[in-house]
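**Q** Pasting a structure below so you can have a look.
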Amino acid sequence: MENIITKLRERFENNKIVRETVQWNNIEAKLKANPKKCKALSAMESSGGEPNVVFYDLENDEYWFFDCAIESPLGRRSLCYDDEALENRKQNKPQNSALNLATQMEVEILNEEQYTFLQNLGNFDIKTSSWLKTNDSVRKLGGAIFGDKRYNRMFIYHNGAESYYASRGFRACLKV
């Protein structure tokens, strides 16, 4: 647990994204009180996500960690959207689905609003793309959404949920 906390502290101090009023010692106290969250952050880190605190929700007293790697985390690519898509894929099935892996990691996939927030912090997914939490109305029709940034602009697209690409992964959110 100490290794991930040290890594997160260094990243927080070197890439301060949230307001100056957010203090690391408050974040660290919450992390030490919840080893399960540290395990999830370790999974985000080990799969290439480079998690960092991007937001403090004062109302709920929660620190939001997002994957802040410039490109979609390398250890979470080549995944179809969900298990239904994985099941329906007849040939060349990927090893897993984005939603299933997120569940295993005990994190959430960024939704469209969170992804927009992240893209306003910098330039992410310039060469890659990331699956985004898709609403049921789109998913029931067989689709799923993903985002990327091209031409200095963020784009949200759609694709069949069964599709997967070596350059598409997912970005995670963990609230502590």
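**Q** List every residue pair whose Cβ atoms lie under 8 Å apart, where the two residues are 6 or more positions apart in sequence or sit on different chains, the first residue falls within the stretch 100-115 and is under 16 Å from GLY49 (Cβ atoms), and the second residue, located anywhere, is in a helix (DSSP H, G or I) and open to solvent by 90 Å² or more (accessible area, probe 1.4 Å).
**A** Matching pairs, first to second residue: GLU106/LYS36; GLU106/LYS39.
**Q** Let me ask something else about it. Do you know which residues across the stretch 1-42 are closer than 23 Å to THR103 by Cα, of a type in the set (A, V, I, L, M, F, W, C) and under 18 Å from the mean Cα position of the chain (by Cα)?
**A** ILE4, LEU8, CYS38, ALA40, LEU41, listed by residue number.
**Q** Quick check on this structure: which one of ASN3, ASN14, ASN34, ASN25 is under 21 Å from ARG171 (Cβ atoms) and among the polar types (S, T, N, Q)?
**A** Within the list ASN3, ASN14, ASN34, ASN25, the selection yields ASN14.
**Q** Still on this structure: Quick one: which of SER72, SER97 is under 28 Å from LYS140 (Cα atoms) and out of contact with any helix residue (DSSP H, G or I) (no Cβ under 9 Å at 6 or more places or on another chain)?
**A** One residue alone meets the criteria, SER72.
**Q** Go through the residues of the stretch 122-135 one by one and say whether even a single one is over 13 Å from the mean Cα position of the chain (by Cα), surrounded by 15 or more Cβ atoms within 10 Å (Cβ to Cβ) and in a loop (DSSP other than H, G, I, E, B).
**A** Yes: one or more hits.
**Q** Would you confirm, using the coordinates I've provided, whether GLU10 is open to solvent by 80 Å² or more (accessible area, probe 1.4 Å), outside any loop (DSSP other than H, G, I, E, B), on the phi < 0 side of the Ramachandran plot and free of Cβ contacts under 8 Å to residues at least 12 places away in the same chain?
**A** For GLU10, the condition - open to solvent by 80 Å² or more (accessible area, probe 1.4 Å), outside any loop (DSSP other than H, G, I, E, B), on the phi < 0 side of the Ramachandran plot and free of Cβ contacts under 8 Å to residues at least 12 places away in the same chain - is met.
**Q** Considering each residue of the stretch 103-116, count those that are closer than 16 Å to SER129 by Cα and in contact with a strand residue (DSSP E or B) (Cβ under 7 Å, 6 or more places away or on another chain), and give that number.
**A** The total comes to 7.
**Q** Residues of the stretch 94-121 being surrounded by fewer than 21 Cβ atoms within 10 Å (Cβ to Cβ), closer than 17 Å to PHE146 by Cα and hydrophobic (A, V, I, L, M, F, W, C), which ones?
**A** LEU101, PHE117, listed by residue number.
**Q** Could I ask something else about it? Can you report the number of residues in the stretch 43-74 which are in a helix (DSSP H, G or I) and either among the β-branched types (Val, Ile, Thr) or free of Cβ contacts under 8 Å to residues at least 40 places away in the same chain (or both)?
**A** 1
**Q** Which of the residues belonging to the stretch 136-151 are exposed (fewer than 11 other Cβ atoms within 10 Å of the Cβ) and within 20 Å of the chain's Cα centre (by Cα)?
**A** Matches in the stretch 136-151: ASP136 only.
The values are calculated or read from the model by the stated rules, or taken from the named source; none is laboratory data. Note that the coordinates shown come from a computational prediction; the quantities given were computed from them, not determined experimentally. Note: ideal-geometry Cβ built from the backbone for every residue, glycine included; neighbour counts use all protein chains shown. Quick note on the areas: whole protein, heavy atoms, side chains included, nothing else; ligands and nucleic acids left out. Shrake-Rupley method; radii C 1.70, N 1.55, O 1.52, S 1.80 Å.
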